[in-house]
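*Asks:* Here it is, the structure in full.
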Amino acid sequence: MGLFSYLCGMKEHITIDYKKLAEDRAKNKNKVEDDLTFDNFLAACYVKCSSQSYGPKIERRVIEEYGFKKIPSKKGEGDLLSSRTTKFPIFNFEEGKKSELKVSYLSSDKSWNLIQIRPYEHFDFYVFLLINPYDECKFEWFILKKEDVNQNNFKMNSIHGTKKSNLENKNIEYKITATIGSDNYNKLKELNLIKNV
């Protein structure tokens, strides 16, 4: 039940000061407390951040919390570099492996959208983090070999240009849309290097 529905269901009449809520949101937009547990941090990012700002915030948190090193984006080699200090709880990354992190919250149409899939970049793994804001921001990790994320395994759509304009383009960015139980979601589960999750 949403906050508005909850408030509307209350027997007492409550006046909501939308102007004050707007002011508070403007003052705190894209600001998330650092001391939150990981799941609460994901919830706060969803509530407080724009879709353009939560990705970098979650990436920084993953780097700090699990001991990755940041790969400069201009290199085109992913986001995360594993090192001796990497302590990911459910997968053992070998030192020096490079990964691309993609984060998606379940949308109003009940799908996750993994965007800017770039097959032409050079790294070892995709690390997908799927978050369900409809269920207390429960989340799932998927780690896939980069070479397994392709059009033979997934229905992928280019996110820029048309089929015709992309015929000779070797640097096409794709999107994978997954809903629970869909072929794409089931393939994520099947290819996930994290087993028994």
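*Asks:* I'd like to check something: does segment 80-97 contain any residue that is within 18 Å of the chain's Cα centre (by Cα), charged (D, E, K, R) and surrounded by 13 or more Cβ atoms within 10 Å (Cβ to Cβ)?
*Replies:* No: segment 80-97 contains no residue that is within 18 Å of the chain's Cα centre (by Cα), charged (D, E, K, R) and surrounded by 13 or more Cβ atoms within 10 Å (Cβ to Cβ).
*Asks:* Can you tell me which residue in segment 46-77 is farthest from Leu130 (Cα to Cα), limited to those that are crowded, with 16+ Cβ neighbours inside 10 Å and among the β-branched types (Val, Ile, Thr)?
*Replies:* Ile71
*Asks:* Condition check: within 26 Å of Ile180 (Cα to Cα), modelled with pLDDT under 95 and exposed (fewer than 12 other Cβ atoms within 10 Å of the Cβ). Does Pro119 satisfy that?
*Replies:* Taking the combined requirement at face value, the residue does not satisfy it.
*Asks:* Looking at segment 111-139, I want the residues that are more than 20 Å from Ala44 (Cα to Cα) and of a type in the set (Val, Ile, Thr) and have a partner that is part of a loop (DSSP other than H, G, I, E, B) and modelled with pLDDT under 95 with Cβ atoms under 8 Å, at least 6 apart or on another chain. Which pairs are those?
*Replies:* Every condition considered, the pairs that remain are Ile115/Ile159; Ile115/Glu173; Ile117/Glu173.
*Asks:* If you don't mind, there's one more thing I want to ask. Show the residue pairs that are 6+ apart or on different chains and have beta-carbon atoms under 8 Å apart, the first residue being within segment 13-32 and without any contact (Cβ under 8 Å) to a residue 60 or more places away in the chain and within 14 Å of Lys48 (Cβ to Cβ), the second being surrounded by 11 or more Cβ atoms within 10 Å (Cβ to Cβ) and of a type in the set (A, V, I, L, M).
*Replies:* Listed by first residue and then by second, the contacts come to Val32/Ala44.
*Asks:* Six or more apart or on different chains, Cβ atoms under 8 Å: show the pairs whose first residue is in segment 53-64 and in contact (Cβ under 8 Å) with a residue 40 or more places away in the chain and whose second is part of a helix (DSSP H, G or I) and not β-branched (Val, Ile, Thr).
*Replies:* So the pair list comes out as Tyr54/Cys45; Tyr54/Tyr46; Ile58/Phe41; Ile58/Leu42; Ile58/Cys45.
*Asks:* I would also like to ask the following. Gly161 fails exactly one of the following numbered conditions: (1) surrounded by 11 or more Cβ atoms within 10 Å (Cβ to Cβ); (2) assigned to a loop (DSSP other than H, G, I, E, B); (3) modelled with pLDDT of 95 or more; (4) of a type outside the set (Val, Ile, Thr). What is the number of that condition?
*Replies:* Only one criterion is unmet by Gly161, namely (3).
The values are calculated or read from the model by the stated rules, or taken from the named source; none is laboratory data. Bear in mind the structure is a predicted one, so any value in this text is a computation, not a measurement. As a convention, Cβ positions derive from the backbone with ideal geometry for all residues, glycine included, and neighbour counts pool all protein chains shown.
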